[in-house]
Every structure is written in C-alpha cells, then in structure tokens.
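**Student:** Below you'll find the structure I mean.
The values are calculated or read from the model by the stated rules, or taken from the named source; none is laboratory data. What you see is a predicted model; the values in this text were computed from it and never measured. Counting neighbours? That spans all protein chains shown, and the Cβs are built from the backbone with ideal geometry, glycine included. Remember, those area values only see protein heavy atoms, side chains included, never the ligands or the DNA or RNA. Shrake-Rupley method; radii C 1.70, N 1.55, O 1.52, S 1.80 Å.
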Amino acid sequence: MIEDLRIDSHKLMFHPERVVDWLRGYPIYPIGVEIAPTSACNHRCIFCALDYMQYKPVLLEKKLIVETLQEMGKRGLKSAVFAGEGEPLLNKDTPDMINQTKSLGIDTAMSSNGVLFKREVAKDCLHSLSWIRFSVSAGTEKVYQQIHRCRCEDFSIVINNLHEAVEIKRHDQLNTTLGVQLLLIPENVGEVLELAKKLKEIGVDYFTIKPFSKHPASISSIDENFDYEELLETEIQLKNLETESYKIIFRSNSMKKLKTTKAYTQCWGLPFFTYIDANANVLPCVVFLGNEDFSYGNLKTQNFVSIWEGERRQALIETLAHMDISGCRELCRLDEINNYLHMLRHPGAHVNFI
C-alpha cells in the first residue's frame, strides 16, 4: 500500500534489534546504503543539490560494488538505492548491478530522471526493483526543458518511458512501486496540477511533491526563502485527483518543518546508513560528497568491513558527534530518524505511563 511508504516519515522502528544494539552502545552495521553508479548526468537541473561536483564522468566498477554489497549483506544490510550524484543509468552496468543486488537478498531501488529507462532497460531490471522514482519537475515540455536544462525531446521520452514501465509492470504482474517526484520551486508552481493529471492517465502508483532544501555546497540560485505556506491549499486540489491506485503525496509536513528548529543537536542516525560515491568513497552522508576529509575510506584500497570497523571511521564518528549541525542540509534523509533516536536518548519524564 502507498500509505505504507512513509515518504515523509521514517522506518527505523521496524528494525528494533538494530536500534536496541545502538542504544546499548554495540557496534552496528548499516541497514541501508545509497550508491552512485556514476557522477555524470545528462541533465543540468537548476535545483541540483550536487551541481558543485561538476558532473565528472566517473563510473563505479560493477565487480567492486557487487562484492561490497555481498559483504555488507552478510552483516545486516537490508536495502540499496542506486541514485547518487549523477544519473545512474549513464553507467551501462547499473541494470546488472540492480539484478545482482536483488539476487543477494537485498531490497533494491533506483532514483532516475527516466530518460534512459527505455523499454529494454525496464524489461531487464524492473522485476528486481522494490521501487523506482522518476524525477520530473514540470508538466509541460517547455518548462521541463527550462528546469532540467536538457534536450527539448527529453520530456516526451520520459513520459513514454513511464507508459512503458507501467505496461511492463502490469503485463508481468510485478510488485514494483512506480513513483514520480517533483521538486517544488517557484519556476514550476503552475505545473503541478498538469503533471498530476498526466501521471494519473499514465497509471503510475504515486506522485510526490517535495520542497526544495539547499545542499550547503550547492551553487544553485533557487530562492531559499520561497514561502510554501501559500501553496498548501494546492494539496486539496491534488487530493481530488487521487484514486485507490493513484496516490498523491504532498509533503506539507516537510514544507512546514523548513521554518522550525531541529529538536536534536547531533546526527544520531549515521551508523544506520552510509553512502558510496562514484569514486568508491564510503561517506557518512551526501552532505560530505567531494570532501575526502570526511571519507571513512575507499573501497578500491580496503574492503567494507575494514573501513567500517577501522580507526579512521571511529575517529570521524567522534568528530561528527561534536559537530555543529545547524549548517547541515534541511530535510535530509536522516531528519526523522534523528528525531526518533533523539527521543529515545532523551525520553523525558513519565515514560512508563503508556
């Protein structure tokens, strides 16, 4: 069920054994990993969080990442998302990496702009994906080209690829969840309803509208002071388009949180997640992408276990525990996890009165 995706929440409560080990101070391995098959991209979106990385055409080696995932799976890894700083499908080995990851018993997903997710690619790897989310930030060709800064024909290619993916899912009776995400910025406010209608006609499972939050190192010129509260009524219009099989997730809670102060003062969630960039660096999270001072280690010279249990990572975890996170990216993937873990560390009074 789409309601179970918890896109605006978290799922750490479903891994109580790992959380208990963490509370007791035991060393733990990550539940999830994000992997960047490449740092190259075929779009230059005006909102890109990782524009400062300059889209260098670096490719992650398939053999290296499959061996690493096998090693991580033996130590409790549950999921891998192929996304990262570039377009995953620009690495021709990504479909096979997806299939091999799934064969290891690890739940597998991908985020993509969808241009390269053609029928043959969908036929190859859609069955191995728990979900795939397409980034589509406009409902018309002209605005899409302006925001994604791409070829004019890319919008129609993505729409066609979505049609094909839906057809393959239905024909092969797959459980893969097909979603589309629009990053809401001033430039596409008038496009949301148009895209929502198109996606309903195509037959995707859900459409989510996410607020913009700037990566600390990004050079994007998007207005960070955009007032999302003026758009909250849009949620009502969108909900009228919903059906049992087509859900719209307007992330109003995230939009409201942009104006609130974090309850936590350190990033508690780092042991539960890690990031592998296209250069094979193992990082705490994407905010440190490009900063080798915060790399736990590199998989080209060390295996994952030696990196995760190594002195360098232990020293970095200690450094990160005392780091001021007020300058971190708003609405990061660990935000709700951090709220949850902070509450467990600081439960307050009368917690036994359930």
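**Student:** On the basis of being closer than 30 Å to residue 224 by Cα, touching a helix residue (DSSP H, G or I) at 6+ places or on another chain (Cβ under 7 Å) and either in a helix (DSSP H, G or I) or open to solvent by less than 10 Å² (accessible area, probe 1.4 Å) (or both), does residue 168 make the cut?
**Tutor:** Criteria not met by residue 168.
**Student:** Residue by residue through the range 188-242, note down the ones that are part of a strand (DSSP E or B) and under 20 Å from residue 178 (Cβ atoms).
**Tutor:** 206, 207, 208, 209, 210
**Student:** Name the residues in the range 115-144 that are closer than 30 Å to residue 220 by Cβ, in contact (Cβ under 8 Å) with a residue 40 or more places away in the chain and among the hydrophobic types (A, V, I, L, M, F, W, C), would you?
**Tutor:** 115, 116, 117, 129, 131, 132, 134, 136, 138, 143
**Student:** Same structure again: (1) of a type outside the set (Gly, Ala, Ser); (2) touching a strand residue (DSSP E or B) at 6+ places or on another chain (Cβ under 8 Å); (3) not in a loop (DSSP other than H, G, I, E, B): which one isn't true of residue 279, the others all being true?
**Tutor:** (3)
**Student:** Okay, next question. Suppose we keep only residues that are in contact with a Phe, Trp or Tyr (Cβ under 9 Å, 6 or more places away or on another chain) and in contact (Cβ under 8 Å) with a residue 60 or more places away in the chain within the range 277-303. Which one would you say is farthest from residue 49 (Cα to Cα)?
**Tutor:** Ranking the qualifying residues of the range 277-303, first place goes to 290.
**Student:** On the basis of being part of a strand (DSSP E or B) and in contact (Cβ under 8 Å) with a residue 40 or more places away in the chain, does residue 249 make the cut?
**Tutor:** yes
**Student:** Select from the range 1-58 the residues that are in contact (Cβ under 8 Å) with a residue 40 or more places away in the chain, closer than 23 Å to residue 255 by Cβ and not in a loop (DSSP other than H, G, I, E, B) and list them in ascending order.
**Tutor:** 2, 3, 5, 12, 51
**Student:** One residue is enough: does the range 85-98 have a residue meeting the conditions touching a Gly at 6+ places or on another chain (Cβ under 7 Å) and either open to solvent by 40 Å² or more (accessible area, probe 1.4 Å) or of a type outside the set (Phe, Trp, Tyr) (or both)?
**Tutor:** No, that holds for no residue.
**Student:** Taking the range 145-160 only, how many residues are farther than 16 Å from residue 118 by Cα and either touching a residue at least 12 places away in the same chain (Cβ under 8 Å) or among the aliphatic types (A, V, I, L, M) (or both)?
**Tutor:** Total satisfying the criteria: 5.
**Student:** Additional query: Do the conditions hold for residue 9, that is, is it closer than 22 Å to residue 213 by Cα, crowded, with 21+ Cβ neighbours inside 10 Å and not aromatic (Phe, Trp, Tyr)?
**Tutor:** Against the criterion (closer than 22 Å to residue 213 by Cα, crowded, with 21+ Cβ neighbours inside 10 Å and not aromatic (Phe, Trp, Tyr)), residue 9 does not qualify.
**Student:** Testing residue 227 on (1) open to solvent by 20 Å² or more (accessible area, probe 1.4 Å); (2) closer than 23 Å to residue 113 by Cα, one condition comes back false. Which one is that?
**Tutor:** Result: residue 227 fails condition (2) only.
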